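Below: one structure, written as structure tokens.
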Amino acid sequence: MPAASLRLASFSTLRFLSFFPISNPSPYSLFRHRRRLLFEDSAANARRRCFCTGTSVSASSSDGKNNQGNRIGSKVGEFRRKLRVAEVKGGADEGLGRVGQSLSVMGWVRTLRSQSSVTFIEINDGSCLSNLQCVMNPDAEGYDQVEAGSVLTGASVSVQGTIVASQGTKQKVELKVHKIILVGKCDSSYPIQKKRVSREFLRTKAHLRPRTNSFGAVARVRNTLAYATHKFFQESGFVWVASPIITASDCEGAGEQFCVTILIPSSHETTDSPIDAIPKTKGGLVDWSQDFFGKPAFLTVSGQLNGETYATALSDIYTFGPTFRAENSNTSRHLAEFWMLEPELAFADLDDDMACATAYLSSTSYVKYVLDNCKEDMEFFDTWIEKGITHRLSDVVEKEFLQLSYTDAIELLLKANKEFEFPVKWGLDLQSEHERYITEEAFEGRPVIIRDYPKEIKAFYMRENDDGKTVAAMDMLVPRVGELIGGSQREERLEVLEARLDGLKLDKESYWWYLDLRRYGSVPHAGFGLGFERLVQFATGIDNIRDVIPFPRSPGSADF
């Protein structure tokens, strides 16, 4: 720096380029700077370049005030994106372009094996399926912690070193370690070791299972699917609407809802509160007027009805959030809490609805996006979970979607040279075995849409067709999963909807606001619902729905 006199006001900042050596950071500095491209060494220049920031505080400002105001405190540091293993090993060259770079990576130890003169540590930070192999010699700083047995599988570490070409065949590059910092120790009882364990066992360790290959890959694919979903609807002109979780109406009319109330004891009172504490009417019934909302309230089974209110104002909207079903079913296909995607299109009929669902599952949306952005994870699923899954997903892109009526589907099933567990008869709902036969065998893996179902087996809000027997409903069937999407054109005619509610003995007063949509500027509209976990199953090949949601909720299970 030039020899000049610098007069700085309190808290003024000076940035200058320095060429003095910097010391390695302490473990506590790891969390101050998220980006860890710490240094760039070369044989010709052993000095390290860095930008430094100096802040002046005048001696007279002992109370933190300066002559420009009453400011107290210091400036918040810049957020810097952390370097991830996926970036180190990413790209077409699988990291060879980074050979010679010195950097730091943070993650968790997957495996550790020591030989006479070298130790190999596999580190994973969750950004990708593969680990970063770190090669460590006894002269590396922090090696004593490895030698003492402090660095075990599951421990969190920060490793600094230089990227070199790998001598092995499993990876193109590895990290030659200069320094290792043990951030968090791991007890020897850590249950996620290198040996394979069942997914049933891992459900009992839901707080640790994301560290396994399978569940880490599921989480990344789920994230990509969610991003692709928002991307598709945003680019298609839809508006995302947050539908309420607590509701006083039953969208499906099934009555399988969780009640939300403050009349029963709260969590810290459950063990010693008498049942008589629940307020009752003179007739001995629960006095809901004393409840929080003044009437019975439930966790929602769908955001559709609320979505319709915004579709009749904003035209095309979608809801995407958690829904709940108090169905006492302990199968691999059911959850008590799950996520639903529910778009709603104004000025639209059933054909528009089917076209939207088809576009969502086509090459313009999630399938190609997942195959392009989760290639390593999808190769893992293809190898270890379901052989040929990438080919099956590509079929969704390449093959045309077909549609047929419910009546035609029943005739097809009756003519099938196959025995079904559940009966096939017009007027009965299709079961999973029927749906999978249609899409997997009858139409050789094509996605198939079944439309125009009997009104007796469908919800009250579906538009009645001119035949008086069916409604404008549709289900999209895909291989291996069966029904993936269910939708309909909504009944926009006030008098027909009121008659339908009366016929099902549903209380019209509970739906007064829903009926108002038919009184004030009603329009033809349609929409569908997609169970997001089933979509993740379809994309990954995971057979149990409890393994595609971070924390599954099912009968008798609400841990974590």
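The values are calculated or read from the model by the stated rules, or taken from the named source; none is laboratory data. These numbers come from a predicted model, not from an experiment. No Cβ is skipped: glycine too gets one built from the backbone with ideal geometry, and neighbour counts run over all protein chains shown. These accessible areas exclude ligands, DNA and RNA; they are computed on the full protein's heavy atoms, side chains included. Shrake-Rupley method; radii C 1.70, N 1.55, O 1.52, S 1.80 Å.
What to note about this one:
- The accessible-area ordering, largest first, of the residues Glu337, Glu441 stands as Glu441, Glu337, per a 1.4 angstrom probe.
- Ordered from largest to smallest accessible area (heavy atoms of protein chains, 1.4 Å probe), the residues Glu78, Glu433 come out as Glu78, Glu433.
- The Rg/Rh ratio for region 83-182, using Cα coordinates for both the radius of gyration and the Kirkwood hydrodynamic radius, is 0.93.
- For region 419-463, alpha-carbon Rg and Dmax in angstrom: 12.0, 34
- A 1.4 Å probe, protein heavy atoms only, puts the accessible area of Tyr437 near 30 Å².
- Percent carbon-and-sulfur accessible area, region 83-182, ignoring ligands, DNA and RNA, probe 1.4 Å: 48
- All aspartates and glutamates inside 18 Å of Lys425 as judged from Cα atoms, apart from same-chain residues fewer than 8 positions distant: Asp408, Glu411, Glu433, Glu435, Asp452, Glu456, Asp475
- Largest to smallest accessible area among Phe338, Phe215 [probe 1.4 Å]: Phe338, Phe215
- Within region 83-182: Cβ-based charge dipole about Cα centre, in debye rounded to nearest 20 (Lys, Arg +1; Asp, Glu -1): 220
- Remark on Phe258: its backbone amide H falls under 5 Å from those of Leu299, Ala326, a criterion applied only to residues 5 or more positions apart or on other chains, H modelled at 1.01 Å from N.
- Global form of region 319-413, assessed from the alpha-carbon gyration tensor, a/c cut-off 1.5: rounded
- Here Thr153 sits with roughly 30 square angstrom of accessible surface, probe radius 1.4 Å.
- Counting only Cα atoms, the size of region 154-312 along its three principal axes is 81, 51, 28 Å, in decreasing order.
- Judged by the ratio a/c of the largest to the smallest principal axis of the C-alpha gyration tensor, region 437-560 counts as oblate, that ratio being 1.5 or greater while a/b is no larger than b/c.
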